Amino acid sequence: MKYRVNAPQVLYEAFDDEMVIINLDSGSYYTLNDTGRVIWEIVSAGGALEQALAALSARFEDISAEQETRIHAFVQGLVDEELIVVDTLSAGQVPINDAPRNDQRRAYIPPALEKYTDMQELLLLDPIHEVDEQGWPVAKADR
Amino acid sequence: MSTNFQIVNGAFERACARIGCATADFRIGGTSVRTFGAGGAVLERIIPAVSHLRDNSTVDPDLKVYVWDSASTGIPMPPLSWFDPANPPATETLYRADPDCPAFYSSVSGVLSLLDLRNNRAHYWTENANNLPVFEASCPLRTILHWWHSERGRIFVHAGCVGYDGDGVLITGMSGKGKSTTALTCLLAGMQYVSDDYILLDQSDGTVVAHSLYGVGKLVPSQIERFPLLARLGEGYRSGPHFDKTVIMLNEQFAGRMTAALRVRAVVVPEITGARDTRSAPAPQSRALLAMMPSTMFQLPGAGAREFGLLSRAVKNVPCFILHAGTELEQIPGAIRMIIEKVRTDA
């Protein structure tokens with residue numbers, strides 16, 4: 001399964017050990033921890049989940065089968081939040097940069113997606129509607 | 001120029017021919033803005049908030065804004081292809097039909113804003129200037145200035161800014177988290193003041209600079225007791241349930257402390273702790289983006305990847321601090337000064 005960022009409504013910015021994501025349509029915004037950021041950067045760019053697992057294995061000590069299952073669930077969570085969508089068009093491997101050597105590996109930390117919904121109240125109070133080419137206001141979904 | 005913009009232009013010119021035209025020039029974010037008021041009714045309502053940015057040196061303005069209403073001029077807003085002034089939308093509505101001429105109708109303010117991006121001209125119209133809400137008059141032309149400056153790499157940010165000796169901090173966070181309290185406490189302590197609410201952020205020359213937009217302060221009811229002096233100054237400037245804030249024209253009352261721009265040395269995210277003392281601690285730069293980005297992005301009609309990218313770039317250029325704000329407000333200015341001093345020393 002290939003994925004891509006749900007652009008243009010989803011925007012994100014990577015920091016050293018975290019990622020900040022916003023969904024302009026829903027009004028929700030999110031943070032990913034470092035593990036989540038590594039997965040996001042590969043999966044959202046069309047990389048296979050196996051590539052993400054390989055990148056994590058290069059960074060972290062042994063990842064158990066149960067933890068792999070949770071990583072699958074984490075990616076599904078990104079899909080459920082409409083941050084990434086299934087990409088049926090693109091294919092191929094994503095280069096994995098600067099994977100640390102094995103002796104730099106550290107204890108595994110599961111990926112975490114934290115969701116913030118405090119802007120939704122504001123959006124419900126004063127939702128901005130956009131006018132399409134037909135010249136008539138169209139309410140954006142979930143706003 | 002779009003057909004719709006031409007139609008509105010024609011109505012504005014008829015209004016000027018009928019009742020006269022006043023002008024006022026401003027220096028906003030390093031650019032010159034000339035406002036033309038048909039009859040002056042709207043102009044008189046919006047000038048107080050930006051009077052500290054008046055500038056009489058402009059010859060050829062970068063942006064021209066035509067402000068007018070129908071009630072005082074006797075000239076109705078003509079129907080546009082997407083806007084019926086007799087039946088305006090009941091919600092905040094963004095019109096993108098013409099990419100070179102975006103428009104926005106605020107049902108809350110009753111203001112229609114149109115910007116002709118190619119010709120650097122804009123219209124700011126409302127049915128009756130007397131009905132312009134206090135909150136709109138306290139931060140007028142937001143949408144026009146946001147769109148126009150965004151095209152030039154400057155971004156309208158929901159943040160306050162205070163400082164001293166030309167250096168300042170951005171104070172950011174959701175409403176109710178201590179942004180205004182921090183900014184106003186610093187103002188009263190004699191520090192330089194750019195804003196407690198909105199600033200224009202420019203990072204074109206490699207440094208991050210916060211430009212002043214509105215010379216006002218705003219108090220929510222829970223702040224009235226904490227700022228009795230400001231509350232008295234703001235009497236009579238309070239409006240509706242949608243915006244239950246007292247507005248103080250700080251540019252009139254504290255003219256000497258109003259500052260057109262400060263270099264941003266840090267982003268400060270206040271947190272009200274309930275403890276007595278105030279302290280600060282370094283925080284990841286992602287925290288600054290988390291505090292500043294949501295309310296900035298969702299308050300700006302049409303904000304998207306460009307604005308998000310500008311904000312992200314800015315927070316990565318300066319350190320971030322959490323300000324654990326205590327109940328003894330007089331400690332806050334000292335904590336802000338220490339942050340600025342520390343960043344200067346570390347630089």
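Hand me the trypsin sites (Lys or Arg not before Pro) from segment B:133-223 located in a DSSP loop with no more than 14 other Cβ atoms within 10 Å, in residue order please. Hits after loop and neighbour filter: B:152. For a paramagnetic label modelled on residue B:229 (point 7 Å from Cα along Cα→Cβ), amide N atoms under 13 Å away belong, within segment B:167-194, to B:184-191.
Local charge sum around residue B:43 (other residues, Cβ-Cβ under 15 Å, Lys/Arg +1, Asp/Glu -1)? My count for the surroundings of residue B:43 gives 0. Remark on segment B:1-67: Rg and Dmax equal 12.5, 35 Å (Cα only). All alpha carbon pair distances within the protein assembly as shown were sorted into 20 Å bins beginning at 0; the resulting P(r) in whole percents reads 22, 51, 24, 3, 0. For segment A:1-54, the mean projected area of the C-alpha convex hull, equal to one quarter of the hull surface, is 3.7 nm². A crude spin-label estimate for the pair residue A:88 and residue B:58, with each label 7 Å from Cα along the Cβ direction, gives 5.3 nm. Taken one residue at a time, the phi angles of segment B:142-156 give Karplus couplings (6.51, -1.76, 1.60, θ = phi - 60°) of 3, 5, 4, 5, 4, 5, 5, 6, 4, 4, 10, x, 10, 10, 6 Hz. Gly and Pro are set to x.
Look at where the Cα atoms of segment B:287-347 and of segment A:5-49 average out, and the two centres are 22 Å apart.
Across segment B:192-204, computed HN-Hα scalar couplings (Karplus, 6.51 cos²θ - 1.76 cosθ + 1.60, θ = phi - 60°) run 5, 10, 9, 5, 10, 9, 10, 9, 10, 9, 10, 10, 6 Hz from first to last residue, x flagging Gly and Pro. Our helix-only sum for the protein assembly as shown, with -39,500 (n - 2.57) per DSSP H run of n ≥ 4 divided by its residues, gives a mean residue ellipticity at 222 nm of -9000 deg cm²/dmol. Fewest neighbouring Cβ atoms within 10 Å first, the residues B:127, B:225 line up as B:225, B:127.
Let me make sure I get this right: for segment B:220-347, a, b and c are the square roots of the gyration tensor eigenvalues over alpha carbons, sorted descending. Under 1.5 in a/c it's rounded, otherwise prolate if a/b > b/c, else oblate. Which is it?
Verdict is oblate for segment B:220-347.
Taking every C-alpha pair closer than 8 Å and separated by at least 6 residues, the mean separation divided by the residue count of chain B gives a relative contact order of 15 percent.
Would you mind checking A:115/B:179; B:64/B:179; A:2/A:115; B:316/B:342; A:115/B:177; B:179/B:245 for any pair whose Cα atoms are more than 25 angstrom apart?
On the way: A:115/B:179 23 Å; B:64/B:179 32 Å; A:2/A:115 23 Å; B:316/B:342 18 Å; A:115/B:177 19 Å; B:179/B:245 14 Å.
Listed pairs above 25 Å: B:64/B:179.
The Rg/Rh ratio for segment B:61-112 is 0.97, where Rg is the radius of gyration of the alpha carbons and Rh is the Kirkwood radius.
Work through the residues other than residue B:72 whose Cβ is under 15 Å from its Cβ and net out their charges, Lys, Arg +1 and Asp, Glu -1. In short, 0.
Note on chain B: percent of Cα-Cα distances in each 10 Å bin, starting at 0 and stopping at the bin with the largest distance, equals 6, 26, 34, 23, 10, 2, 0. Across segment B:50-65, computed HN-Hα scalar couplings (Karplus, 6.51 cos²θ - 1.76 cosθ + 1.60, θ = phi - 60°) run 10, 5, 6, 9, 4, 8, 9, 9, 6, 9, 10, x, 6, 9, 10, 10 Hz from first to last residue, x flagging Gly and Pro. For residue B:280, nonlocal amide neighbours, meaning residues 5 or more places apart or on other chains whose placed amide H falls under 5 Å from its own, are B:324.
FYI, it's all coordinate maths here, none of it is from the lab. Because the structure is a prediction, the values reported are computed rather than measured. Here Cβ is always computed from backbone atoms with ideal geometry, including for glycine, and neighbour counts include all displayed protein chains.
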